[in-house]
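Here, each number is a calculation from the coordinates, and none is a lab measurement. Remember, it's a predicted structure, so these values are computed and weren't measured experimentally. Ideal geometry is used to build each Cβ from the backbone, glycine not excepted, and the neighbour counts take in all protein chains shown.
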Amino acid sequence: MRKLVWFCSLILGLTGCAAKPEAVLTTLPLAVEAPGASASVREASLQEAALSNRGDRIFVAQVSLRNRTGKTVSFGPEHVHVVDATGVPFPRISEEWLHDFYSAKVNRRPAAVPPEAIVPFPSDEITVGSATLTSPPLTAAEQRKMAEEMATLVEEVFVRPRQETPGSFLVKGPEGALGVLLKDVTLKPGQSVSGFVYFYQAATTRPQYPLRLIADVEGEISTFLFQ
């Protein structure tokens, strides 16, 4: 009888392991690079983070900027956009919330998921240089549901692998998994900054490829196209 119980427990355990969703992080190939005239944005990359059993995803954008404009410039996450082939921008994940949420969860502390975890678009239209991007309007209920779904994805893709790393008794900060998040900075001529900006794509609105990463540096537009 004891052997039968052990065998059943083993089968259930193996079944559970087999059914566990896989976290997938894919680097999208860069198809076209079109930096601005002064080439302030030196390079950019875009990754797609998802779970094998879910349709939503997180896009991880990294930009490296060197101020070549000859004047002091302000730059931050709000100057970086990821849009699909139709020009629809993806909602951005709050950098402050992402940092605090990851730190709390990786240390097994409770963490709130406010609607502001998804940064609201300032308006239905976003002006980037001479182009106008039309953002999808979100109701308060949609924003909250999207934030909750996104939090689950962040926990499964970024937090759980860190928690399950053998021997990880020293828990690193968010930089250990998320990378250094881009913050609002003021750059003097010649100064540089590099960081990550995160975007969320709900399962109900599948992205249309190729995707464009757009960086706006004081009106100087740099565009990178990813397949």
With the contact rule set at Cα under 8 Å and sequence spacing of 6 or more, what percent relative contact order holds for the stretch 45-118?
17
Where does the charge balance sit around residue 149 when Lys and Arg score +1, Asp and Glu -1, over other residues with C-beta under 13 Å from its C-beta?
-1
Give, as ranges by residue number, the residues of the stretch 64-90 whose backbone N falls under 20 Å from the point 7 Å along Cα→Cβ of residue 194.
64-69, 75-81
Which is farthest toward the positive dipole end of the stretch 42-85 among 85, 55, 45, measuring Cα position about the Cα centre, with Cβ charges +1 (Lys, Arg) and -1 (Asp, Glu)?
45
I'd like the Karplus ³J(HN,Hα) series for the stretch 217-222: coefficients 6.51, -1.76, 1.60, θ = phi - 60°, whole numbers in Hz, and an x wherever there's a Gly or Pro.
10, 6, x, 8, 9, 10
Please identify which residues in the stretch 84-110 have an amide N closer than 19 Å to a label point set 7 Å out from the Cα of residue 203, following the Cα→Cβ vector.
91
With N set to the number of residues, divide the alpha-carbon radius of gyration of the stretch 87-209 by 2.2 N^0.38 Å and report two decimals.
1.20
Note the count of lysine pairs whose C-alpha atoms are less than 27 angstrom apart in the stretch 21-226, limited to pairs 8 or more residues apart or on different chains.
7
Using only the alpha carbons, work out the radius of gyration and Dmax of the stretch 18-132 in angstrom.
17.0, 56
Would you mind computing, in nm to one decimal, how far apart the modelled labels at residue 88 and residue 43 are, each placed 7 Å from Cα along Cα→Cβ?
3.2
Once you list every other residue whose beta carbon is under 15 Å from the beta carbon of residue 50, what net charge do they have if Lys and Arg are +1 and Asp and Glu are -1?
-1
Note down the relative contact order for the stretch 21-226 as a percent, whole number, built from C-alpha pairs under 8 angstrom at least six residues apart.
37
When the Debye formula is applied to the Cα atoms of the stretch 21-226, each taken as the same point scatterer, what base-10 log of I(q)/I(0) results at q = 0.07, 0.11, 0.15, 0.19 Å⁻¹?
-0.21, -0.52, -0.96, -1.45
